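Participant: Got a structure for you, questions after.
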Amino acid sequence: MKTIRIFIASSSELKEDRDQFRNFISRQNDILHKKGLYLELVQWENFLDAISDSRLQNEYNEAIRNCDIVLCLFFTKVGKYTAEEFDTAYQVFKEKGKPMIWTYFKNAQINTGSITDEINTLLAFKKKIGGLGHFYTEYTNIDNLINQYRNQLDKFLANYEEETSSGKDPKTNRERGQEAQVDQVVFNEELTKRLLEAIGKHNRKAADFLSANGDWEENPQLVRTAKRIIINGYVGVIGVQIRKLMSIGEELYSTSKLTRYIENCQLAAKRSLQLICYSLISTLWDHHLEKKSEFSPKQKEAIAKFFKNAAEEDLMAFLDLMDHLITAFKDNKLEFLISESLEILPQLQEGTSFYQACEQLMELQKSTKGKELSGKDCLEAEENLSIILENLSFLAEYRMISINEIDFNQQRNDEEGLYLHNYTFLVGESQANNTSQSNVRRESSPVISHAVILFKDNYRKNINLDPFIIDYNGLALTGGSKICFYSYCNTYDDGNLNFKFIEDNSNVVINKSNNPKPDEEDLNALNRWLSKKENRKDMNFDKVYSLFYHAKKTLTGIEEETTEDLF
């Protein structure tokens, strides 16, 4: 077992980030131990704060000398000991070529009253490391940090994976030709070409680019531009999945890269079908409240299965669900914003290229377990994903935003006032930065707050995707966006709702709080309750919980089960 030691240097103000980063390392170890790798995390909390023969900081510095990686986190200040730890790591790196050093500066909202003269230590330190030629990165929250560092860690571990899998130096592997075979495979090439041409029919920027650059495939800079057009061209959450694939494709060769590339091809296809299914279900719910639709027995069964699932459905299950939902819309002659999806119903049938592409992606993902993968497997997955996204290229005409909070602004002698909508525009590339800054739009009337909405031309003519797609950070009243897709409900257990974060596919659970809300007729009590941030947060998550069960009851007739107190 090869042990890789990681030292985390930061001030006490980032203790929560360090704790959550430790959880991330623990999850990585669950995967890496099968490859003969173990990540040992070294933190100052690990040392006994007791009298020792030497200054305790000297012990920290000695630990750094024996580490492979040093990760430095900063927020509003740089303590003298943290600065000393960086200096130690940098000096050892110059002498021995290790440890590898990463520095991350947190860019998040702070109360101006909490700013002290210590902010100058931060500015001075940034200037200092800039002079050393060391590049640092910003992060907005722990999710953003983990997403950024995961890619860096995968690249760092690639050589160790080769060593442990072959028992030889990575150069020996190249001499055996194992890596040469993969070098012949160009990742993302087919995907980029086909998707750019597909969205050119729906996206003006893509069409103009193709018209002006007939030889773009021969120019590396234009290829990068083409990828950005695709990432930002497809509707937000799909753009995120494509960005992840583009990023993985540019990594150095490793067995992890091959596995993750195939997994993310399948996930990109699944998220696309989920987006359409959730849009159909949400719109069907609205229609059903006005006038009940008629469902066939198979349609009823498919909808009930969706709400009662106790484990996450796979790609083929969502293909089947989409088939039944689109048929229900056609049978009931219902209007649907994404009307283009109603035209692909014939493509959802068994034997079509679309259906077969979904099937083959599923088979490829299953084959990643216990099989030595090749670049050819990745290209097969890429081709199947291209077929699916080509058929769904109309999604490039749509946009997604997350409405956070709505303020009302009315000045003296202003009879009407204006509503200020704080929202985040969800675009594939900008989601990677996950910035805490929101946009503000002034309107004469409000829209629903704390909701992710999908629209085409006018954002007031939209599909409200709540509670099937949510912005977790918006509901939690924190900075940045954390878009999560509904995964499954613990139907036969606690009834909690499980979601998947689109950036790293990690699980997010929402349960019903035990925080009682005061009677709305008692305004004083209600105002006191709402003045506390934690209460407003509980109210937001309780809303997601109640909306899900309301949609379930409306569309299936199944009510939330309760257990009577028989005592």
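The values are calculated or read from the model by the stated rules, or taken from the named source; none is laboratory data. Remember, it's a predicted structure, so these values are computed and weren't measured experimentally. Note: ideal-geometry Cβ built from the backbone for every residue, glycine included; neighbour counts use all protein chains shown. Note: accessible area is taken over every heavy atom of the protein model, side chains too, but ligands, DNA and RNA are not part of it. Shrake-Rupley method; radii C 1.70, N 1.55, O 1.52, S 1.80 Å.
Participant: May I ask which of Lys2/Lys106; Lys106/Lys128; Lys96/Lys127; Lys15/Lys77; Lys201/Lys330 have a Cα-Cα span longer than 23 Å here?
Facilitator: Cα-Cα > 23 Å for Lys2/Lys106; Lys96/Lys127; Lys201/Lys330; rest within.
Participant: Could you bin all the Cα-Cα distances of region 471-541 into 5 Å bins starting at 0 and give me the percent of pairs in each, rounded to whole numbers?
Facilitator: Calculated P(r), rounded to whole percents: 3, 15, 20, 20, 16, 12, 9, 3, 1.
Participant: Using a 1.4 angstrom probe on the protein heavy atoms only, could you order Arg22, Arg536, Arg260, Arg204 from most to least accessible area? Kindly include the intermediate steps, with their values, before the conclusion.
Facilitator: Working: Arg22 95, Arg536 75, Arg260 40, Arg204 190 Å².
Per-residue accessible area, sorted high to low, gives Arg204, Arg22, Arg536, Arg260.
Participant: Also: For region 342-405, what does the relative contact order come out to in percent, with C-alpha contacts under 8 Å and a separation of six or more?
Facilitator: Across region 342-405, relative contact order equals 34 percent.
Participant: How charged is the neighbourhood of Lys94? Take every other residue with its Cβ under 13 Å from the Cβ of Lys94, and add Lys/Arg as +1 and Asp/Glu as -1.
Facilitator: Computed value for this residue: +1.
Participant: Additional query: With Cβ to Cβ distances under 10 Å as the rule, what net charge do the other residues near Asn147 carry (K, R +1; D, E -1)?
Facilitator: -1
Participant: My understanding is that a pair violates if its Cα-Cα distance is over 18 Å; which of Lys270/Lys456; Lys205/Lys227; Lys291/Lys543 do that in this structure?
Facilitator: Lys270/Lys456; Lys291/Lys543
Participant: Starting from the residue with the highest accessible area, list Lys227, Lys369 in decreasing order, probe 1.4 Å. All intermediate terms of the calculation are to be shown ahead of the outcome.
Facilitator: Numbers: Lys227 30, Lys369 170 Å².
Largest to smallest exposure gives the sequence Lys369, Lys227.
Participant: Report the net charge of residues surrounding His202, where surrounding means a beta-carbon distance below 10 angstrom and charges are Lys +1, Arg +1, Asp -1, Glu -1.
Facilitator: 0
Participant: Among Ser256, Gln221, Met246, whose Cα projects farthest towards the positive end of the dipole of region 219-319, with charges put on the beta-carbon of Lys, Arg (+1) and Asp, Glu (-1)?
Facilitator: It is Gln221, whose Cα lies furthest towards the positive end.
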